Each structure stands twice: as structure tokens, then as C-alpha cells.
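The values are calculated or read from the model by the stated rules, or taken from the named source; none is laboratory data. Bear in mind the structure is a predicted one, so any value in this text is a computation, not a measurement. FYI the Cβ positions are ideal-geometry reconstructions off the backbone, even for glycines, and counts take in every protein chain you see. Quick note on the areas: whole protein, heavy atoms, side chains included, nothing else; ligands and nucleic acids left out. Shrake-Rupley method; radii C 1.70, N 1.55, O 1.52, S 1.80 Å.
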Amino acid sequence: MDSEAPPTLSLVSVLSLLGCSLQLLVAALLTHRYGGRSSKTDWWILLWLFYDVIVHLTLEGPFVYMSLVGTVETSEGPLAELWKEYGKADSRWLVSDPNIVSLEILTVVLDSLLALLLIHAVLNDKYYRHFLQITLSVCELYGGWMTFCPDWLLGSPHLDTSNPLYLWVYLVFFNGLWVLVPVLLLVQSWLCLQSLHAVKEDRASAQRKKL
């Protein structure tokens, strides 16, 4: 019996990955343009936030549109081909799955707005920065959980994990980014708020000593 041929990258796969790289390049250019005076930590946070907004608006936005007027499976065009490629890993994205579309509407509208406001807050050192950062991170984590948990509970009938490209790049890497980075942002907010509270306690202690 002939052994199964190893998976290869199709032209659509390559172009899709190049498109994602281009989005990251645009995010880096925007960060360089607007975040030049930020701290090193905030520079990386801004890079993520710009990338986050770009992905939500230029990839997930068109997905929502295609899903509301029809399905990805019946749509045509470069972005439709990109989503058809991702749909090989998770078939729910091809057929306007109500759970997926509902989450993506929330992501495109709410998460994009929160990310834009957070960019403004980071660049201008606003007092509400960490409120937005925590809110956005929780929203991103909730979106990831509700994207996959319902399918896991059914035994993952819509996920194709037999192909390493689909499993490790499409499903694990790209979705994992929206788990890892929000968790890191939550930790960073925790540490900053902890530091601010320590400063407040030190000032209060100093005031008590003067009395």
C-alpha cells in the first residue's frame, strides 16, 4: 500500500500567509509612525493592537459581510478564497454558522472599537487605559473560547486536524495568538495596577507618619 503523500502548501495557502505577513508589516509601520516615543513594552502592545484592528476590519469584516449576504462557500474573490482555505481546517466558516457569525459580528464591531480606543489611551497615557486593556483582553478570550468550545463538546466534527498545516498553523498558531497575547496583556495590566496601588499605599503611609 502506498504511503499517504505529505501535505504541501497550495498557492492559496502561500498567498494567504503572505497576506497575513503584509498585515503585520502595515501594523509595524503604523507602530513606528505613531509609537516612536512609547516605552519598549508599549511599543509591542501597540504593534499587537494595530495588527488586531487590521485583522478584524480587513479579514473578519469581509467574512461577516459574506456570511450575512450568503456564505463563504458560495462567495467569490480573493478574500473568499482565503476564508475557503481556512474553512478546510474548520468547515463552520464556510456555511455561515450562526455561532461563528454572531461572535465575528461582536469581534468586528466591539473589539475593533475597543482596540482603537486602547491605542489612543496608550499613546496619550489615559487613566482608562487598563480598563480598556482588560476589557478587550477578556472579550478576545471569550471569543476564542466560544469559537471552539461548542465544537469540542460535540467531538470536533467540523475541525480537520489530520493535516499539520491546518492543525498547527491555521488552528493552533493563528487562534493561539488571540489567547496568548490577551493573557499577557492581562498580566501586564495586573502588574501595572499593582504598582500603582503600591505607590498609593506608600504615599498614604508617608502621610500617616507626618501626623
(message) Rounded, prolate or oblate for the stretch 19-115? Axes are the square roots of the Cα gyration tensor eigenvalues, ordered a ≥ b ≥ c, and the cut-off for rounded is a/c under 1.5.
(response) prolate
(request) Could you run the Karplus curve 6.51 cos²θ - 1.76 cosθ + 1.60 with θ = phi - 60° over the stretch 88-97 and give me ³J(HN,Hα) per residue in whole Hz, x for Gly and Pro? (result) 5, 8, 9, 5, 5, 6, 8, 10, 6, 4
(request) Ratio to report: Rg/Rh of the stretch 11-209, with Cα atoms as the point set and Rh obtained by the Kirkwood method; give two decimals. (result) 1.05
(request) Rounded to whole Å and sorted largest first, list the principal axis extents of the Cα atoms in the stretch 145-211. (result) 70, 23, 10
(message) On a full-extension model of 0.36 nm per residue, what is the gain between Val109 and Arg33, subtracting their alpha-carbon distance, rounded to one decimal in nm?
(response) 24.9 nm
(message) Counting heavy atoms of the protein chains only and a 1.4 Å probe, report the per residue accessible area for the chain as a whole number of Å².
(response) 61 Å²
(request) Keeping to pairs on different chains or 8 or more places apart, tell me how many lysine pairs in the stretch 11-209 have Cα atoms under 26 Å apart. (result) 4
(request) Return the sequence-ordered ³J(HN,Hα) values of the stretch 41-48 in whole Hz as given by the Karplus equation 6.51 cos²θ - 1.76 cosθ + 1.60 applied to θ = phi - 60°, using x for Gly and Pro. (result) 5, 5, 4, 5, 5, 5, 4, 5
(request) Express the carbon and sulfur contribution to the solvent-accessible surface of the chain as a percent, rounded to the nearest whole number, probe 1.4 angstrom. (result) 68 percent
(request) Note down the magnitude of the dipole of the stretch 11-209 about its Cα centre, charges +1 on Lys and Arg C-beta and -1 on Asp and Glu C-beta and zero elsewhere, to the nearest 20 debye. (result) 1120 debye
